[in-house]
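The values are calculated or read from the model by the stated rules, or taken from the named source; none is laboratory data. Treat the numbers as computed from the prediction; the structure is a model and nothing was measured. Neighbour counts run over all protein chains shown; Cβ positions are idealised from the backbone, glycine included.
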Amino acid sequence: MKLLTFKIQREPGFRFNLIDLSLLLALAAASAGWYALFDYCYLYLLPLYVGGSFFLFCNVFRIGNRMEVPWYLAFVALTIYGVRQPEFPWLMVLGVCEAIKWGLIAWRIWRGPYAGAFQAQLEKFARPAPSK
């Protein structure tokens, strides 16, 4: 893990650097700012939820950008639906988006190649390579 650098980490495992730290701090600041505008229905937590999910996808499990698309589409659709309701449906959003998120992560670990956290320990759950 390279913490005090702006270089991209190519080796497998957990990834965290100054850019990641600055993005997480910016998301925390955005949520704090949103609290003044959207204190009802806990809408100020949306930036933290999106940022936390992005952090899991990109830094912890490193599943790849293409695999994130179903989660983003579901999240955007449910959020658009949710903000039009009298009360934001957190249970529905979290139920659907968390199922998709953890399903994508499990699929990436099983399908391979997996380069995220605990790579060596999780390799035994990966699909065996086809024999030639």
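Checking Leu21 against (1) exposed (fewer than 13 other Cβ atoms within 10 Å of the Cβ); (2) over 28 Å from Ala120 (Cα atoms); (3) modelled with pLDDT of 85 or more, which single condition isn't satisfied?
(2)
Going through the range 71-113 one residue at a time, which ones are surrounded by 12 or more Cβ atoms within 10 Å (Cβ to Cβ), assigned to a loop (DSSP other than H, G, I, E, B) and in contact (Cβ under 8 Å) with a residue 40 or more places away in the chain?
The one that is surrounded by 12 or more Cβ atoms within 10 Å (Cβ to Cβ), assigned to a loop (DSSP other than H, G, I, E, B) and in contact (Cβ under 8 Å) with a residue 40 or more places away in the chain: Phe88.
From the set of residues in the range 61-70 that are in a loop (DSSP other than H, G, I, E, B) and within 10 Å of the chain's Cα centre (by Cα), which is surrounded by the most Cβ atoms within 10 Å (Cβ to Cβ)?
Step by step, filter the range 61-70, then rank; the result is Phe61.
Does the range 66-89 contain at least one residue that is over 29 Å from Leu43 (Cβ atoms) and touching a Phe, Trp or Tyr at 6+ places or on another chain (Cβ under 7 Å)?
Looking for residues that are over 29 Å from Leu43 (Cβ atoms) and touching a Phe, Trp or Tyr at 6+ places or on another chain (Cβ under 7 Å), one finds none in the range 66-89, hence no.
Residues being at pLDDT 85 or above and not in a helix (DSSP H, G or I): count how many of those fall in the range 24-60.
Total satisfying the criteria: 0.
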